[in-house]
1. Among Asn263, Asn255, which is the only one that is outside the structural domain of Asp94 (by the TED database), under 16 Å from Ile19 (Cα atoms), touching a residue at least 60 places away in the same chain (Cβ under 8 Å) and among the polar types (S, T, N, Q)?
2. Give Glu113, Glu9, Glu69 a once-over and let me know the one that is assigned by the TED database to the domain that holds Thr172 and at pLDDT 80 or above.
3. Determine which single condition Val307 fails, assuming it passes every other condition in (1) surrounded by fewer than 18 Cβ atoms within 10 Å (Cβ to Cβ); (2) within 19 Å of the chain's Cα centre (by Cα); (3) not in a helix (DSSP H, G or I).
4. Does the range 198-221 contain any residue that is surrounded by 13 or more Cβ atoms within 10 Å (Cβ to Cβ), modelled with pLDDT of 90 or more, among the small types (Gly, Ala, Ser) and in a helix (DSSP H, G or I)?
5. With respect to Ile285, is the statement that it is more than 19 Å from Phe29 (Cβ to Cβ), of a type outside the set (Gly, Ala, Ser) and surrounded by fewer than 16 Cβ atoms within 10 Å (Cβ to Cβ) true?
6. Kindly indicate which of Lys14, Lys74 is more than 24 Å from Lys223 (Cα to Cα), part of a helix (DSSP H, G or I) and either of a type in the set (Asp, Glu) or not assigned by the TED database to the domain that holds Phe322 (or both).
7. Where residues in the range 136-190 are among the hydroxyl-bearing types (Ser, Thr, Tyr) and under 15 Å from Ala60 (Cα atoms), which of them is surrounded by the most Cβ atoms within 10 Å (Cβ to Cβ)?
8. Give the residues of the range 185-227 that are basic (Lys, Arg) and in contact (Cβ under 8 Å) with a residue 12 or more places away in the chain, sorted by residue number.
Amino acid sequence: MENKKYYEELTILKGIAIILVVLGHSFSFTGFNILDNNILNRYIHDSIYSFHMPLFFMIAGFLTNNYKENLNKKFYVSKIKRLLIPYIFINIVDAIPRHLFNSLVNNKSNSIERIIFYSGAATWFVYTLFLLFLIFPIIEKYIIKKDKYYLFGLGLFLLNIFEIGSNIKIFTVDRLIYMSFYFYIGYLLKNYYEKISDSIKKSNVIYIIIIILFALYGNFYNKFILTKMVFPFLGIISFWYISLKIKNTKNSIYNFLTFCGENSLSFYLLEVFCGTVYRVVLIKIIPIEYNFLLVSSFFSLKLISLVIGIRYIVCKNKYFSFLLGAKYKK
């Protein structure tokens, strides 16, 4: 795990992505459908869901190729510390309120069986990414580095096109197959990244066109399996381009998104707790008919609470930062 290069734009990109996760989850209210009768809500929700999680896996794949050597003890220990321990901790903590206040949450239970075999109540991303990190170094050594990289990529694409394994929920096999495709694309992208970055400096037109296409068609991604595979790249490229531009500003937006990106795992793990509290309160204050106000208030309260809690509590405590995957700062 030597010779790592730090990419500021990827940290910014993770910051943007985790904010979109918080926003995307703000459309979820148990017992109420606030999407089908509101065009704007549906557009924002579907546009976000078209790419935000593939983006995280693509970044993870890119950074995996940023290491000199992955198949060693140090690599696996780092993933246990970074992903497995926070996953176990948050699911144990999460199980308590789910049993005590099960009428107030979207998912009612979080049993030991579910935590081990089915990714817990709301932590499938961490679970799936950890499994991917377990198996990918082996694939890298015995398949990719044996000049079979193109066959592996084609195999992943075909598995998804024909929806093989899409109904297998145990060990999140369905998501593992889908997200592996973007992880692998990110892995391959690393080898050509400098050339692509340089192309942006020479011409912005193509990236602006992609952003426009995403704005127009991003919410149609789930119409067909092929669009579900291809359309995420519209959103990924759009926000990657934006992150490169923000990287050069070094202003307050840069600082905020960098903080969110460095602590994106903590945001993801703690968002469900903020969501449970504010969802119950807001639904009693704001009528469901004012659903845009409801969503915007829900999102704002969650984001502000997460930023304050993570910055001034989690990041300041070495135990909380370790258990929740935050960047510890004295």
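1. Asn263
2. Exactly one of Glu113, Glu9, Glu69 is assigned by the TED database to the domain that holds Thr172 and at pLDDT 80 or above, namely Glu113.
3. (3)
4. no
5. no
6. The conditions single out Lys74.
7. Among them, the one singled out is Tyr184.
8. Lys190
The values are calculated or read from the model by the stated rules, or taken from the named source; none is laboratory data. In this text the structure is predicted, and so the values were computed from the model without any measurement. Using ideal geometry, Cβ is built from the backbone for each residue, glycine included, and neighbour counts are taken over all protein chains shown.
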